[in-house]
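Engineer: Sharing a structure below in structure tokens format, with a few things to ask.
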Amino acid sequence: TQSTWGRVVVHEPQQPRIKEIAAATEPVHHRSFTWFRVLILITLTVQTTMFTLLRRRSQGILAEKFSSASVLLVSEIFKAFFSFVMIWFDSNHHHHHHTAKQHIFQLISTLTPVLLPSAIYLIMNILSFYALSHIESATFSLIAQLKLVTTAVFSFLVLGKAFQMYQIRSLIGIVLGVVQITHITQPNRSSTSTLTGSRWLHAMGVLAAVTETILSGLSTVIMERIFKSTQNLNTKPLSIWDRNLQLSICSIPIYFLVHFTQSQRSLFDQWSVNAVVLAIVSAAGGILVGLCLRHTDAVLKNMASTGGVLLTTVLSWLFLDGAMSIEVVIACVMVIVSVFDYTVPHTSKIAVV
């Protein structure tokens, strides 16, 4: 209280505006980093959708005859060139004591950790092209969401990662949504049909897609461990450009071998516009996955591809004669809600170990 010319003025305590103060005092670089993570996840979702739809249109609908290994080879060359440019720019910009040439020679001498991931990626990519030549893009995209489960399992087994209860709940919700929409969009089957011809090829496509999800979960966790390892050059973690360049150096000769083993044709024989776009989109995917693993984690990377379920299903319905119904919408909503359930911070600290 305070007396002023015979009047008593009472100053009531002001309630602090906690939310406004917290927002004002939040570091600008932290907010920028959060938006950068969101941008990475959104861009990766779009890239995953484009890559799936283009492969289905090229291989399953148009039945183009270019070599998938040649497309993947060119993609690795694009990625290697882009990574080399970024490494060169980073070396000159930050005035490292190692020149770019010395740094690249060091990267080549430390290729051993990425040999296994390179081989796994090669098998995955070949399997995905084969699968999309026999099953529709929406079905492939939905089966691919099983990598959430495989990634979580391998994260627990390899990295010893603990998952909170709300994360387990969100993963279960995603699996249920995937099962629902996969059942809805499966090919129509008559009671007299037998597992021959197109049905046999469809079954083989599904098997290839499922195998790819298992390998994807394993490779994602391995790469997360490599990216976040501290036992690298100069005791500092290698950049995403360093690892992408290493992966490309390992992959390029293997793709050359696969292409010329499968076919005696020239590298660009029967290429089309779709093949060129596929090579570019595939290269972009490798860079985006590296960014995602560097700034988020393996499960969030797979959450981004899960977000592509809705986009892939809608675009497949609009342009590739895919299935669409109220059941499909409900299943997609179930998946999207589960994604938000995983990404929104929770106060619970209970972990499953």
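Engineer: Step through the residues of the range 173-180 one at a time and calculate ³J(HN,Hα) from phi using the Karplus curve (6.51 cos²θ - 1.76 cosθ + 1.60, θ = phi - 60°), rounding each to whole Hz and writing x for Gly and Pro.
Structural biologist: Whole-Hz 3J(HN,Hα) from phi for the range 173-180: x, 5, 4, 4, x, 5, 4, 4.
Engineer: Could you pull out every residue, at least 5 positions away or on a different chain, whose amide H is within less than 5 Å of the one on Phe163? Hs are placed 1.01 Å off N in the peptide plane, and Pro or chain starts have none.
Structural biologist: Counting only residues 5 or more places away or on other chains, the set is Val352.
Engineer: At 7 Å along the Cα-to-beta-carbon direction for both Leu157 and Arg225, put a label point, then send me their distance in nm to one decimal.
Structural biologist: Simple spin-label model gives 1.1 nm for this pair.
Engineer: Return the whole-Å distance between the Cα centroid of the range 109-149 and the Cα centroid of the range 69-89.
Structural biologist: 19 Å
Engineer: Provide Val71, Val179, Val149 ordered by accessible surface of protein heavy atoms (probe 1.4 Å), highest first.
Structural biologist: Values: Val71 0, Val179 85, Val149 60 Å².
The ranking, largest first, comes out as Val179, Val149, Val71.
Engineer: Mind computing the radius of gyration and Dmax over the alpha-carbon atoms of the range 81-166? Å is fine for both.
Structural biologist: According to the Cα coordinates of the range 81-166, Rg and Dmax are 19.2, 52 Å.
The values are calculated or read from the model by the stated rules, or taken from the named source; none is laboratory data. Predicted model, so just to flag it, every value in this text is computed and none were measured. Counting neighbours? That spans all protein chains shown, and the Cβs are built from the backbone with ideal geometry, glycine included. Note: areas computed on protein heavy atoms with side chains; ligands, DNA, RNA excluded. Shrake-Rupley method; radii C 1.70, N 1.55, O 1.52, S 1.80 Å.
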